[in-house]
Structure formats: C-alpha cells, structure tokens
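**Q** Below is the structure I would like to discuss, written out as structure tokens.
The values are calculated or read from the model by the stated rules, or taken from the named source; none is laboratory data. As the structure is a computational prediction, the values presented were derived from the model and not from experiment. With ideal geometry, Cβ positions are generated from the backbone for all residues, glycine too; neighbour counts draw on all protein chains shown. For the accessible areas, the whole protein counts, side chains as well, though only heavy atoms, and no ligand, DNA or RNA atoms are used. Shrake-Rupley method; radii C 1.70, N 1.55, O 1.52, S 1.80 Å.
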Amino acid sequence: MAAVVRNDFSKGSITGTIFRLALPMIGAQLINVLYNIVDRIFIGRMEDVGRDALTGVGVTFPILMIVSAFTALCGQGGAPLCSIARGEGDTDRAERIMGNSFSMLLVAGVLVTVLGLIFKKPILYAFGASDATYGYANSYITIYLLGSLFVMIGLGMNAYINSQGFTTVGMCSVLIGAVLNIALDPLFIFVFDWGVAGAAWATVLAQAVSAVWVLLFLTGKRTILKLRVRSMVLRWQIVRRILALGLTGFVMKLTNSAVQISCNAMLQTHGGDLYVGVMTVINSIRDMLMMPVSGLSSGSEPFISYNYGAKHYDRVKKGLLVMMVSCMIYSTLAWIFVESLPAMLIRIFNDEAALVEVGVPSMRIYFAAYLLMSLQMAGQSGFVALNKAKQAVFFSLLRKAIIVVPLVLVLPQIGGLGTDGVFLAEPISDVLGATTCFVTFMLTVWRKLGKEEKTV
C-alpha cells in the first residue's frame, strides 16, 4: 500500500513530480541510445575499413526502426492505458493490459525475427547497401535479428515500470545493458577480432540481460502492478486498445524507417557510399540529441495519463505546460550546439577528411530547423498521454510519410540540388509538420480540457 501512496501523481508539486519522473527517463533514453551509438563509434574506428563498415551498419537502421516500431505497437502503446486505469483505481484492468502487452510482444518478436532473416538480402540492397557494404550490413543485422525478441521485451515492458512511477528502476534497466554493451564492444570487435559481428553480439547480449532485469522486477515484490500468467491471456478488447494507441509510436517509427530507406536510396544514387556514411553519422547525432527531449515528453506521460484518469484536469493542463516549455528550451539549446560544432560531432564517429568535408554542410542543412522539433514532441506526447489515438497517428504520418518522403524523392531532381535536396527535406518537415501538430493540439485538446475542468 505504501508504494501506491508514494506513486500517487494526483498530489504534490506538479513540476517536481514531472521532473522526478522525467530525469531518470532522460538518463535512460541517453543510456539507451548508447547501445547503437557506441557500436557505431567503435565500428567507425576499425582500421582501413571503418568508413565502409560504418556505412554498412547504417544501412541496417531502417530494420532496427522496424523492430522498434513493433515494440512501440505491442508494448509501449499500452503504458498510457495502464496509467489511466491505475489513476481510476482499477488495478486488475491495469495488470491485464500489461499482461496482454507482454503476450503481444512475444508473438510480434517471433514474426519479426523469422521474416527478417528470410528477406534480409533483398531488403538490405533495397535500403541502400552496395557490394562494398553489404557484407558488413548482413553480418550485423543477422545477429541483431536473432536477439530482437530480447530487445522488444526489454524496451516494451520497461515502459510499464516507468508508467508506475519507478523511473529510477527503469533507468537502471537500460543502464545495466548499456554498461555491459560498452564493456563488450572493444573486447568483441578488437580483441576477439569479430569486427561488425562483435558489435552486434555485444548489443544482443546486453539487451538480453536488460530484458531479464525488467521481467524480474515486474514479477517481484516491489512492483505495484505484477506481471501474472493469468493476465497474459489475450483479450480482443484490450488488444484493440493497445494497438490503437500503440499505432502512434508504430507509425512514427515505421515512417522514420521509410524516410531512412528513401534517404539512403537517393544518397546512393546522387552521391554514393560516402553520402550514405554521412547520413549514418547524422542519424547517430540526431539520436543523441533527441534523447533528452524524448525523455522529457515520455517522463511527463505517466503523470498526465494518471491525472487524466483521475479527472484532475487542472493538473493535466499544468503538466502539459511544464512538458512543452521544457522541451522548447532544450531543443533551442541543442539546435545552437549542433549548428555551431558540426565538425567536432562528426569526428566522434570517423575523422576521415572526405567524410568531414561533405558532412559539415550536409549537417547544417539537416538541422537548420531542429529547434521546432520540440513542438512535434510536445503535441505528439500530449495526444498519446490523453489517449487521443487518431490524432496522434495522423500527425505521425503527416510529418514523415506525407511531407518528408515525397520531398526526399523530389527535391534532389530540382535545380541540381542532388544530395542537398535529401538533407533539405528534414528542416522543411520540421517547419510544416511540427508546427501543424502543436497548433492543432492547442486549438482542440487543450481547449477541451479547459471546458472539462469547469464542468467537473
């Protein structure tokens, strides 16, 4: 009972509670991105073959995003529903949501692994691999797919630890895997001379340990909601609601994958392996920059969802405001940083002169309107936290599928833009998609919350 009182988000300081939840999640997000970032840093430093190996691993990004998309669909989609049920005092329903989510992750994990292994060769070539980089891409993704079930369980079920307010435990879930990954990378890549395969094995083993930690906590004594076998029996009503809300993250990640596929294909056509390598580095830097703002928005969701379920609409609005302002401040600072020091950031991964020379102007174009990403994250997280599935899905599609992908395919053909056109698609989408998402949220959901508050 003490644990329930401790994690009652309807009481106490709003800002303090949100940052108590968000700071460990920011730490967890930063640590989580190290899984792939550290791989890329070590791979980029491989003697003689670093750039080709880094490019090969970069070609696998869309597949990694597809794995992450199914994790969001089956796992993270249920976490806000779980928080709302807990806010309503319905512990049994909250546990059924969590148990159904676990079963869905198991099914999706097996399907992703089998289909990925069967179709990996044509997929990798379609995603931008060349004869020079295919071997590295194939080596990495084969091992990663064999361990993708661990990735999905670890990340998908960790959302249920965070949704209960145990964000420090959630951070530790990721920290354990990240520390192990960092320790194993140089051992497997350089000492054992396993190269790219060593980086993949380090990631898979680290994620497996993290997944075990998550399951031990959710079946242990400290958790408020327990993962029980009886709750794992799939019920269509629950599955449908998880899929409806999880579709937001699924679409966002799947469209990220589609964007990456189209970018790699167009860069390969107009610039070759060098430009695909530049995009690999830019994606890595973007991942690092996105983690704090993603942690801020994700850390706010349990608070917002809980109070929405408890009908404390004043706290919901104030919580949303804290999240929005924090995201905007961070994104502005991050934008200034990346536009000021592009060469330094590129050299973290590879200091080859050609890569830096091409990468600096490309990076400045790509991040030109990055500060507006805070609007997308704030609006998107607001829709998800309040269970507005249709709106959340639409704005996920709008920015990437409707705006970015067509621009990536068309801009390189206009006025000789070539590779610059590929990188230019991102800032245009930041201006159009992010602004539209935020303004719509404020004009619809925000106004409705004000009316609900007055009538309750």
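**Q** Can you tell me what the convex hull of the Cα atoms of the range 277-367 projects to on average, as an area in nm²?
**A** 6.3 nm²
**Q** Mind checking which of Val276, Ser294, Pro342 is farthest towards the positive end of the range 256-365's charge dipole, using Cβ charges of +1 (Lys, Arg) and -1 (Asp, Glu) about the Cα centre?
**A** Checking the options against the dipole of the range 256-365, the answer is Ser294.
**Q** Keeping the other protein chains in place, figure out the carbon and sulfur percent of the accessible area of the chain, with a 1.4 Å probe.
**A** 68 percent
**Q** Here's a follow-up. Quick one: net charge of Leu73's neighbours, Cβ under 13 Å, K/R +1, D/E -1?
**A** With Lys, Arg at +1 and Asp, Glu at -1, the net is +3.
**Q** Right, next: Quick one: net charge of Ala434's neighbours, Cβ under 15 Å, K/R +1, D/E -1?
**A** Summing Lys and Arg as +1 and Asp and Glu as -1 gives +1.
**Q** Reachable lysines from Lys120, Cα under 28 Å, same-chain residues fewer than 8 places away excluded?
**A** The reachable lysines, counting only those whose Cα sits under 28 Å from Lys120, are Lys253, Lys400.
**Q** Using unit Cβ charges (K, R positive; D, E negative) and no other charged atoms, how large, in debye to the nearest 20, is the dipole of the range 363-456 about its Cα centre?
**A** 400 debye
**Q** Where does each of 227-233, 396-402 land if you order them by average Cβ count within 10 Å, highest first?
**A** 396-402, 227-233
**Q** Still on this model: Under a 1.4 Å probe, what is the accessible area of the chain per residue, stated in Å²?
**A** On the way: 17240 Å² over 456 residues.
Accessible area per residue, the chain: 38 Å².
**Q** Just to confirm the number: angle between the C-alpha axis of helix 14-44 and the first principal axis of the chain, 0 to 90 degrees, nearest 10?
**A** Approximately 20 degrees, to the nearest 10.
**Q** From the P(r) of the range 374-456, could you give the percentage of C-alpha pairs in the tail past 19 Å?
**A** Pairs farther apart than 19 Å: 46 percent.
**Q** Also, I was wondering about something else. Can you list residues whose amide H is under 5 Å from Glu352's amide H, if they're 5+ apart or on another chain and H is modeled 1.01 Å from N?
**A** Counting only residues 5 or more places away or on other chains, the set is empty.
**Q** Using DSSP to call loops (not H, G, I, E or B), can you name the chymotrypsin sites (Phe, Trp or Tyr not before Pro) in the range 171-250 whose Cβ has at most 16 other Cβ atoms within 10 angstrom?
**A** Within the range 171-250, the qualifying chymotrypsin sites (Phe, Trp or Tyr not before Pro) (loop, at most 16 other Cβ atoms within 10 Å) are Phe192.
**Q** Here is a follow-up. So for the range 186-322, what are the equivalent ellipsoid semi-axes in whole Å, largest first, each being the square root of 5 times an eigenvalue of the Cα gyration tensor?
**A** Semi-axes from the Cα gyration tensor: 36, 25, 17 Å.
**Q** Kindly express, to the nearest 10 degrees and within the range 0 to 90, the angle between helix 134-146's C-alpha long axis and the longest C-alpha principal axis of the chain.
**A** Relative to the chain, helix 134-146 is tipped by roughly 20 degrees.
**Q** Along the charge dipole of the chain, pointing to its positive end and built from +1/-1 on Cβ of Lys, Arg, Asp and Glu, which listed residue (Val114, Val408, Thr223) has its Cα farthest out?
**A** Result: Thr223, furthest along the dipole toward the positive end.
**Q** Right, something else. Test of the criteria: in the range 44-138, which GluC sites (Glu not before Pro) are in a DSSP loop and have at most 11 other Cβ atoms within 10 angstrom of their Cβ? Write out the running numbers ahead of the final one.
**A** Values: sites: Glu47, Glu88, Glu95; in loops: Glu47, Glu88.
The qualifying sites are Glu47.
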